[in-house]
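**Student:** So that we are looking at the same thing, I have put the structure below in structure tokens.
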Amino acid sequence: MITLDGSRLTVRFAEVHTDAVAAIEFQRTLRIPDDGRTYPLPPGLGSFPLTMVDSLEGRVPEDWARRGGVVMPMHQAEAMWVSFPYHWGTGYPFAIKVATGRINAVTGDEWTDGLHDDPQDYLVVPTQPWLDGYCVEKGSIRQFVAMPLGKGYTAEEQLTGRADTGGLQLIAYPMKPERYETIKHRQRQRSLGTVDAMMPMAAATPMGLAPGGRMKQHIYDDPYGLDAWDQTQAARCFVAIVNSLGWLELTGSPPPWRPPSAKEYTAHGLPWFDFYADDRPALEGADKLAKLKSVAEMGEEKGEMPLPENETTDPKVVIALGPGGRPIVREGEW
């Protein structure tokens, strides 16, 4: 079961285990320059608001009503990332598949239910604290950037030639309770000093997600194995995306302010981030996703300028984050 708690989706499987709870948020962020360079992690600027599709009866297209789920507003060319807000190493493990326009953000394949490990087509939470974009190669993603459907920019359109779906799709599978209890037992042994390793809208314009600038980020390998996940239990949610005017028309509420450009943010000396968990194996990236053209590349082909304020920037303050997103104290020179 998935519930909407403010701007957070909460996944619960009480019938599996009382601890089987996970959270998912959609974070506003800087759109990094789409200039061929690889950037560190930009900051989170707060969660996107969400509203239930069922609360907008009669105001959304029939296919949205059929799919259910929630609606989220994004400005055109705005960037986002998906957050799984649990402290590192705590919380009940889940396997979560993320797709945009029914295109898997890890493999580039079209949507299927169920989990697969050759190649791995899902994320493991809380091992994976967040996902900023499409996994194009080991240690590198292309940022999720909102673009209108029907213009050819989205991953869905580039890979399928269709503009039927848009939005973002999620499905979560809990760990089998017996595997979880084994992990908890081993964690208790470690805390006692025992040497034992833990197992590894008619007027609303529908939007999709397209590949933007390149960013440093690892998508981590499943440390538990495919048989750890209870695939008889699943909860899924369709996240429809509308532009800012569509959100106002549907809900009567103004959309969030447009984020500053990366150049403006950097000019004020505000921090970027690097995440270090080098001991964890990472996926190699998907050839299909690596071949996608970025929004800037597509715009150049079309003779359009879809990304305002796309100037290259040089991040001056980069804060290192460790497991759980905690800042790593820099030793400096003594």
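The values are calculated or read from the model by the stated rules, or taken from the named source; none is laboratory data. Everything quoted here is computed from the prediction, not taken from an experiment. A quick note on method: Cβ atoms are made from the backbone with ideal geometry, for glycine too, and the neighbour counts reach across all protein chains shown.
**Student:** Give the number of residues within segment 111-149 that are over 16 Å from PRO211 (Cα atoms) and acidic (Asp, Glu).
**Tutor:** So the count comes out to 4.
**Student:** Give PRO271, PRO255 a once-over and let me know the one that is surrounded by 15 or more Cβ atoms within 10 Å (Cβ to Cβ) and touching a Leu at 6+ places or on another chain (Cβ under 7 Å).
**Tutor:** Residue meeting the stated conditions: PRO255.
**Student:** Follow-up. Specify the residue that is nearest to the chain's Cα centre (by Cα); the eligible residues are those in segment 142-186 that are assigned to a loop (DSSP other than H, G, I, E, B) and crowded, with 20+ Cβ neighbours inside 10 Å.
**Tutor:** Among those residues, the one meeting the criterion is GLY167.
**Student:** Out of segment 288-298, which residues are more than 13 Å from GLY152 (Cβ to Cβ) and surrounded by 12 or more Cβ atoms within 10 Å (Cβ to Cβ)?
**Tutor:** LYS288, LEU289, ALA290, ALA296
**Student:** Residue check: is ASP132 of a type in the set (D, E, K, R) and surrounded by fewer than 18 Cβ atoms within 10 Å (Cβ to Cβ)?
**Tutor:** No, not satisfied.
Per-residue answers, yes or no, for (1) more than 19 Å from ASP121 (Cα to Cα); (2) of a type in the set (Asp, Glu); (3) at pLDDT below 90; (4) touching a Gly at 6+ places or on another chain (Cβ under 8 Å):
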{"site": "ARG179", "(1), (2), (3), (4)": "yes, no, no, no"}
{"site": "ARG188", "(1), (2), (3), (4)": "yes, no, yes, no"}
{"site": "LEU192", "(1), (2), (3), (4)": "yes, no, yes, no"}
{"site": "VAL195", "(1), (2), (3), (4)": "yes, no, yes, no"}
{"site": "MET199", "(1), (2), (3), (4)": "yes, no, yes, no"}
{"site": "ALA204", "(1), (2), (3), (4)": "yes, no, yes, yes"}
{"site": "LEU209", "(1), (2), (3), (4)": "no, no, no, yes"}
{"site": "ARG214", "(1), (2), (3), (4)": "yes, no, no, yes"}
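**Student:** Against the condition farther than 15 Å from GLY44 by Cα, out of contact with any His (no Cβ under 6 Å at 6 or more places or on another chain) and surrounded by 12 or more Cβ atoms within 10 Å (Cβ to Cβ), how does GLU301 come out, does it pass?
**Tutor:** Taking the combined requirement at face value, the residue does not satisfy it.
**Student:** Specify the residue that is farthest from ASP230 (Cα to Cα); the eligible residues are those in segment 1-35 that are assigned to a loop (DSSP other than H, G, I, E, B) and polar (S, T, N, Q).
**Tutor:** Restricting to residues being assigned to a loop (DSSP other than H, G, I, E, B) and polar (S, T, N, Q), the top hit is SER7.
**Student:** Name the residue, out of PRO281, PRO223, PRO256, that is modelled with pLDDT under 95 and under 30 Å from ALA14 (Cα atoms).
**Tutor:** Only one candidate qualifies: PRO223.
**Student:** Next question. Can you tell me which residue is nearest to SER83 (Cα to Cα) among those in segment 105-123 that are buried (at least 22 other Cβ atoms within 10 Å of the Cβ) and among the hydrophobic types (A, V, I, L, M, F, W, C)?
**Tutor:** So the residue we want is LEU123.
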